[in-house]
Structures are given as C-alpha cells and as structure tokens.
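Working notes, structure below.
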Amino acid sequence: MKNKIIENINNPETLEQLYQQNKQDFSKSFAEISEDYNFDLVKFWKIRLAHETDIKAQEFSKLDLLIVLLLSLVTGLLAKLPAILSQINTEFFYTRDLAIIVFNGIILYTLWQNKIFNLKRLLTYGLVVLILIFFLNLLPNTGSDSVMLSMIHAPLLLWCLFGLSFISFDYKNMAKRIAFIRFNGELLIMTGLFLIAGSMLTGITIGLFSAINMDVERFYMENIAIIGGVAAPIISFYLIRLYPTITNKIAPVIARVFTPLVLITLAVYLVSIIFSQSNIFEDRNLLLLFNVMLIAVMALIVFSISELDKSKKKNINVLVLFLLASLAIIINSIALIAIILRATEGLTPNRTVVLISNILIFVNLILIARNLYKSYFNPNQLNTVEQTVAKYLTIYAGYTIIVIFILPFLFGLK
C-alpha cells in the first residue's frame, strides 16, 4: 500500500480509490510517508485522516469489547488449570501449554478483528493447534535437549500463526507482512506498559489491604495477576486498534533512540569477545540470548526505517543502521566459527539448532546490510530492507517447523 501511495501521491483519484479499498491500511501507510512530502494534496489527506481517526477513537463496539473480555477471561482460566485441577503437573503444563493458551487468545481475537469467518481456514487453524498440543504433550517428560528445543520453538510457530491471522492468510502480500512486523513493536510496547501499570496496581492493592491487616497477596497473585498477565496481549491489541494514532509512532521513536546505544554496546561487546578468555559459545542459554540480540537488531532496523526521510541521500541515520547491521554480522561470524569448531566434535541437538539458526540470521543480516548500503546512496531502496525481512519470514517458519516436529526424532528424543 505504501508504494502505491508514493507512486500516486499527486493523483487524487487514485488515492481515493486506494483509501476506499482498504481504509485502515491506507491510513497507516499514509501516516508513515506523509512527513516526507509537503504540498496541498498531502496536507488535505493528513487533515482528513486525522479527523476520521479522532471520530473512530471515540467510538467503539460493545460487541468487540465483550469479545475482548470473554477471550481474556477464558485465556486466564485456562492458564489456571493446574490450580483448578490438582492432578495436572504445574511445570509440565506451563512449559508445554502456556504459550499455546496465550497465543491462541490473541489469534482468536485477530480472527475476529479481521472478520475471518471462512470455515476452511478456521478448521485448518484449529487442526494445526490441536496437532501442536497433542505433539508437545506426548513428548517424554525427560531432560532431553531435543525435546526442550522443540518446546522452546513452539512459541515461534504460534507467532507465525498469529502473523497469518493478522494478514488474513494473504501470505504472498509483502506489504501486509511488513505491517505485521511493525505491529509487533507496537504490541510489545503496549503490552509492556499494560504490565507495568498492572504491577503498580498490584503493589498498591496488596499494600492497602495490608494496612488494614488483611493478607490478600496469595489470592491476588494466583487469580487477578495471572488472568491479567495472560490477557495483557489481547487487551493491548484491542487498545491499539481503538487508538491507532497513539501507538503507531512509539516503536519507531524508541528504535531511533536506542539504535545508537545498541551500536555502541555491540562495539564494546565485540572488543570484549576478542579479549575474553571464556568460551561463551558453549552455553546454550547464552547462545539463545545471543540469537535474541541478533533478532532485536533486525527489529530495530525495521522499526527505524519507517521514520527515515526517504528523499534524503547519504542520510546519517541510514549509515548508523548499516554500521549496526555490519557489527552484528561480525559478531555473528565469530559465533559461527566457534559453533562450527564445536560441531566438528560431533553434532548434538543444541549444536545443530544453534548452527542452523545462526547461519539463517547471518544470511539475513548480510542481505539487510547490502540493502542499507545501497539505500545510503539511493533512499528509494529503503523499502527493500523491510521486504527482505518480510520475505525471510517464510524461511524462519519452515525452520521452526523442522525443529519442533522433526529434530526430536532425528536425535532419538535425546
């Protein structure tokens, strides 16, 4: 949608047609590019969209609110099953089923929001979730690394299902994929704010009742806090849709602020790795954190790009993003060398997963860095950075499916 708007920025008839085709997508895309242009037609659309957004923000569907509350309550009660049914092993349940419960709540709300009532799609989604539930719960309850890796990657598969529902199963549409990636930043920030506010309310409530010699901490934490915690993403999604103008600028601004800080941190970290005597790449938890850091770097790049001036050549912000991607590539290269050396001693589930995931991220970062380098001299190339990440999601999804359903059996559930 963004590219179509840019191509027809001086064509009022086509802009109106694009708006009527998909008002929400048009409004969001126009808000992202409007600051780069300054003439009467763009000013007109900014005023028009701002007015309509204000009207929408004041109106809400009672049915939509009811669905949010119902899904939040059901999700919270499912998360409390070990407390309700004493025969359920708490650790077994939460390690295998909690992610499914939380993601299922937000996916169902997404299906409702997008008016996806196609029976075939709903049955397909339900079948995939059931297969995942049965598979994870039938895996042996041992200290098997392959089983643990399968459970760790289950939330990633559920995130992919969330993405499919968000883009209304139009998986070939790159613009929708990019919108989903950006939405994750908004959802993460809103959920974080909601949890912070909830934590403050929890502390105040427990403190107030303690002042009158009533101990409500256990009841509150086991009931209100758990239900509120797992329902936070659903409620956050609802608030983002209800007040889109409040949240759609937060993630890019935070990304712009933290990008230089992350660049400095990675530079210091690179020097520390070179002079460090410890082999940090032998620890599975550290390697997992390392991969999260690399993914966070890609997220920072994507969120920052949406706020960049796409008419300015040799933009210093693009250069900073390129340096950030380059540093991540160097650090990833060092990690890959260490992992490959360890793999020569024999492949284990951990080494296999870490090696493949780092190779995938390594290639993705190289493609991003190449596009950023081109964009530094030609700002029209900036959109290709987001498209590269969006296209690569299919590869990550395929890899996740292999780790969950095939890896445990390749290593004999060890």
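The values are calculated or read from the model by the stated rules, or taken from the named source; none is laboratory data. Since this is a predicted model, take the numbers as computed values, not measurements. Cβ coordinates were reconstructed from backbone atoms using ideal geometry, including for glycine residues, and neighbour counts include every protein chain displayed. Remember, those area values only see protein heavy atoms, side chains included, never the ligands or the DNA or RNA. Shrake-Rupley method; radii C 1.70, N 1.55, O 1.52, S 1.80 Å.
Worth a mention:
- Residue, surrounded by the fewest Cβ atoms within 10 Å (Cβ to Cβ), within the stretch 349-398, restricted to residues that are in contact with a helix residue (DSSP H, G or I) (Cβ under 6 Å, 6 or more places away or on another chain), over 30 Å from PHE169 (Cβ atoms) and of a type in the set (D, E, K, R): LYS374
- Residues in the stretch 104-136 that are open to solvent by less than 50 Å² (accessible area, probe 1.4 Å) and among the aromatic types (Phe, Trp, Tyr) were compared, and the one that is nearest to ILE406 (Cα to Cα) is PHE135.
- Contact map, the stretch 256-278: first residue within 14 Å of LEU300 (Cα to Cα) and of a type in the set (D, E, K, R), second residue at pLDDT below 85 and surrounded by 14 or more Cβ atoms within 10 Å (Cβ to Cβ), Cβ cut-off under 7 Å, separation 6 or more or different chains; pairs are ARG256/SER304; ARG256/GLU307.
- Top-ranked residue of the stretch 157-187 - restricted to ones that are within 20 Å of ALA231 (Cβ to Cβ) and in contact (Cβ under 8 Å) with a residue 60 or more places away in the chain, ranked as surrounded by the fewest Cβ atoms within 10 Å (Cβ to Cβ): ASN184
- Selection within the stretch 78-111 - at pLDDT below 90 and more than 25 Å from MET148 (Cα to Cα): ILE84
- Test: residue in the stretch 137-145 that is open to solvent by less than 80 Å² (accessible area, probe 1.4 Å), touching a helix residue (DSSP H, G or I) at 6+ places or on another chain (Cβ under 6 Å), in a helix (DSSP H, G or I) and at pLDDT below 90: yes
- The single condition among (1) among the small types (Gly, Ala, Ser); (2) in contact (Cβ under 8 Å) with a residue 24 or more places away in the chain; (3) open to solvent by 30 Å² or more (accessible area, probe 1.4 Å) that SER210 does not meet is (2).
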